[in-house]
Structure formats: structure tokens, C-alpha cells
Amino acid sequence: MPRTGRLVLIERNSVPQPSDANSVNLSDRLAFDLYAAGRAITRAYRPLLSELGLTYPQYLVMLMLWQHAPRTVKELGESLELDSGTLSPLLKRLAASGLVTRQRRQDDERTVDITPTPKGRALLREAASVPIALAGVMGLSPDETRKVRALLRKMAESLEKHRPDAPASLAGVAPLSAE
């Protein structure tokens, strides 16, 4: 796949070219809007999760475990896109809080299963109000929320396909410009 620096190149006619592509104003940058929205969402979560004694990444791990447990450290890392340097200390803190257990598998000592404790499972009842409270302050209707989520997934999938280390699959390409 032809590349320029670290940018993956794609067919020019497959990407809409915004009229403000050369603007230096932050307000013209989609990536900045996403960054600002992400920070605002994290700020909105903080007081809700502090009542549960969780950070946002810990909450995501617990959501995964409430959905299905046990899960391996590797599964959690892949699903949440967290590297082991971030995930391991987070899991140690959850274990120290009595919310999860970490158990090496007897058949493969390299694999560690993470399971919610009874205290961790009980936290689900308290956490059930978190998404409802957050939805109430986001300012989006249920239909708008579905549309935004669909667009974000579409964007993430496209960016993943075009990341610098993605398999070569495109030919006749032009620079990626999505802002």
C-alpha cells in the first residue's frame, strides 16, 4: 500500500473533502470535537462513578465482567483496547478493592482469569443507574444517540482499516484527509 510518512493513503474520490481542510481553527477540526466530547463525557461520568469507587476504565472492565465472566486479561485488553501496562495495575486495584479475583489457569499459568467477586457482582445493582443518569445529561434523543453511535463505529472501523500497520489492500491512493 503506498504511504506518505505515517499516513495511510486512500482513494481521493472515496473520502469527502471538507471545504475547511486547510483551516487552522480548532473549531473546524472533527478530531478536536471528538476529543472535547470525550473529555466532557469522562467529566460527566466522574461523579457518578466515584460514588461506586470506580474510575471510568475500571467501570469498563466491570461492565465486561458483568456481561460475561471469567475473562482473561488478554480478552479484556483486546476488547477495551488497553495495553497490559495500563490494564495490569487497574486489575490489581480492582482486586485490592475486593471487586475481582485474579486467578492463573492451572492448564496454562501464562493466562490469568479475572472474575467479579460477590462484592463486585453486587456493585452492578448500584451501577445500573449510571447509563440512565448519563443519558439524561447528554442532550441527545434516543434516535440521535443511535445515529451518533453508528457514525462513530463507522469512523472507527474506517480508521482501523487505514491505520499505518493495516494490511495492504488499497491501490491507486491519495492522502487521507478527513478533517
Residue within the range 102-119 that is modelled with pLDDT under 95 and among the hydrophobic types (A, V, I, L, M, F, W, C) present:
yes
Fill in: Leu123 being under 16 Å from Gly53 (Cα atoms) and not in a loop (DSSP other than H, G, I, E, B)
yes
Legend entry - Selection status of Leu134, at pLDDT below 95, surrounded by 12 or more Cβ atoms within 10 Å (Cβ to Cβ), among the aliphatic types (A, V, I, L, M) and part of a helix (DSSP H, G or I): yes
Quick check: anything in the range 48-62 surrounded by fewer than 17 Cβ atoms within 10 Å (Cβ to Cβ), under 20 Å from Ala128 (Cβ atoms), touching a strand residue (DSSP E or B) at 6+ places or on another chain (Cβ under 9 Å) and among the aromatic types (Phe, Trp, Tyr)?
-> no
Counting only residues that are assigned to a helix (DSSP H, G or I) and more than 24 Å from Asp83 (Cα to Cα), the range 33-58 contains a total of 4
Counting only residues in the range 93-120 that are aliphatic (A, V, I, L, M) and surrounded by 14 or more Cβ atoms within 10 Å (Cβ to Cβ), the one farthest from Leu54 (Cα to Cα) is identified as Val112
Expected output for the range 117-134 (first residue basic (Lys, Arg), partner modelled with pLDDT of 95 or more and assigned to a helix (DSSP H, G or I), Cβ below 9 Å, 6+ apart or cross-chain) is Arg121/Leu65; Arg121/Trp66
Reported set for the range 137-159 where residues are in a helix (DSSP H, G or I) and surrounded by fewer than 10 Cβ atoms within 10 Å (Cβ to Cβ) is Pro142, Asp143
Matching residues in the range 124-164 (farther than 26 Å from Gln58 by Cα and small (Gly, Ala, Ser)) number 2
Per the filter on the range 95-120, residues out of contact with any Lys or Arg (no Cβ under 9 Å at 6 or more places or on another chain) and in a helix (DSSP H, G or I) are Ala96, Pro118, Lys119, Gly120
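The values are calculated or read from the model by the stated rules, or taken from the named source; none is laboratory data. If you're wondering where the values come from, they're calculated on a predicted model, not measured in any experiment. Here the Cβ is made from the backbone with ideal geometry for all residues, glycine too, and neighbour counts use every protein chain on show.
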